[in-house]
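Asker: Just dropping this structure here.
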Amino acid sequence: MLSNDVKQALDLFFTPGRKTITKDEQDLLDSAKALKIPYGEIELAAYSWGTGPVVVLVHGWGQRGINLGAFIAPLVQHGFCVITFDGPAHGESPGAQTHVVDFGQAVRAVIKYMEPVYGIISHSFGAASTMMMLAWEPDVTVEKLVLIGTPSDLVDVIGRFAVFTRLSEQVVQKMHQWVEFRDGKPIEAFSVRAVAPFVKIPTLVIHDRRDREIPFSDAQAITAGWSQATLIATEGLGHRRILRDTSVVEQIMGFLNGSNVPSIRMSTQTAK
């Protein structure tokens, strides 16, 4: 039986906030075709723009699909159909709590609903969830994958959460045990770094060297030993502004269209 302090920690850890949207984001949504994508007993709020090969945008923790809105117009201009969605317990989709497995399965539901899907552009928690799902679900295939500001390991994420909320080591260990009991896997299994070599998809990993939420070392850990990955390091864009930077958008458009020439504002390293 869980103690109250462990229950409170788990509730806080698995409950995202509901981000409001800006006028520009609402205008973008108003120009979209609204969709409802079945996922288990709920329907995910989703939106579509353009025609052509499908690219799915996957948002991060406490965000909405439209928060990756800077990619929509360029993707449509390059001949893609763009799909955004609000993950479980996010935006306009139902639910109060979610976690990496649940969110990853929601990504799977979107891909299966829209398949064939050409590419995925994902951010932060959404990127980690996508990676875990792709490693564990071999029936899900895409041709190109983009990971932005991705955490490498759930143990590290819980550790940073524990420091921020001043949790005791005993509570942290109980959180690990609860996750293991819930999903039937050791806590070490929830590691993007560990599963990356099993994801055989050409992947662009973009991370800012000054990211204060997810350290750049996470990107280095993810790409080390992953032959499919190219790591792009940005400077001074942080964890969220990186999603709106024109150089980042241009780099991703080039990658999706078959090229991989880095912007002059970035440094490039192909993972060995």
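Asker: Note down all Cβ pairs under 6 Å where the first residue falls in region 120-145 and is among the acidic types (Asp, Glu), the second is outside any loop (DSSP other than H, G, I, E, B), and they're at least six residues apart or on different chains.
Answerer: Close Cβ pairs satisfying both conditions: 137/108; 143/118.
Asker: Filter region 31-82 for residues that are part of a helix (DSSP H, G or I) and touching a strand residue (DSSP E or B) at 6+ places or on another chain (Cβ under 7 Å); which is surrounded by the most Cβ atoms within 10 Å (Cβ to Cβ)?
Answerer: Among residues in region 31-82 that are part of a helix (DSSP H, G or I) and touching a strand residue (DSSP E or B) at 6+ places or on another chain (Cβ under 7 Å), the one surrounded by the most Cβ atoms within 10 Å (Cβ to Cβ) is 65.
Asker: A further question on this structure: Is it true that residue 134 is in contact with a Ser or Thr (Cβ under 6 Å, 6 or more places away or on another chain), within 26 Å of residue 48 (Cα to Cα) and crowded, with 19+ Cβ neighbours inside 10 Å?
Answerer: Against the criterion (in contact with a Ser or Thr (Cβ under 6 Å, 6 or more places away or on another chain), within 26 Å of residue 48 (Cα to Cα) and crowded, with 19+ Cβ neighbours inside 10 Å), residue 134 does not qualify.
Asker: Continuing with this model, one more query. Run residue 28 past the list (1) surrounded by 17 or more Cβ atoms within 10 Å (Cβ to Cβ); (2) aliphatic (A, V, I, L, M); (3) closer than 27 Å to residue 189 by Cβ and report the number of the one that doesn't hold.
Answerer: The one condition residue 28 does not meet is (3).
Asker: Looking at region 39-66, which of its residues are in contact with a helix residue (DSSP H, G or I) (Cβ under 7 Å, 6 or more places away or on another chain) and either touching a residue at least 60 places away in the same chain (Cβ under 8 Å) or among the β-branched types (Val, Ile, Thr) (or both)?
Answerer: 39, 44, 46, 54, 55, 56, 57, 58, 59, 60, 61, 66
Asker: Identify all residues within region 39-61 that are farther than 9 Å from residue 84 by Cα and among the hydroxyl-bearing types (Ser, Thr, Tyr); write none if there are none.
Answerer: Of everything in region 39-61, those that are farther than 9 Å from residue 84 by Cα and among the hydroxyl-bearing types (Ser, Thr, Tyr) turn out to be 39, 51.
Asker: Quick one: would you say residue 265 is at pLDDT 95 or above, out of contact with any Pro (no Cβ under 7 Å at 6 or more places or on another chain) and basic (Lys, Arg)?
Answerer: Criteria not met by residue 265.
Yes/no matrix, rows are residues, columns are (1) in a helix (DSSP H, G or I); (2) over 28 Å from residue 67 (Cβ atoms); (3) at pLDDT 95 or above:
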residue	(1), (2), (3)
125	yes, no, yes
128	yes, no, yes
131	yes, no, yes
156	yes, no, no
214	no, no, yes
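The values are calculated or read from the model by the stated rules, or taken from the named source; none is laboratory data. Note that the structure is predicted; figures quoted are calculated from it, not measured. Positions of Cβ are generated from backbone atoms using ideal geometry, with glycine treated the same way; all protein chains shown enter the neighbour counts.
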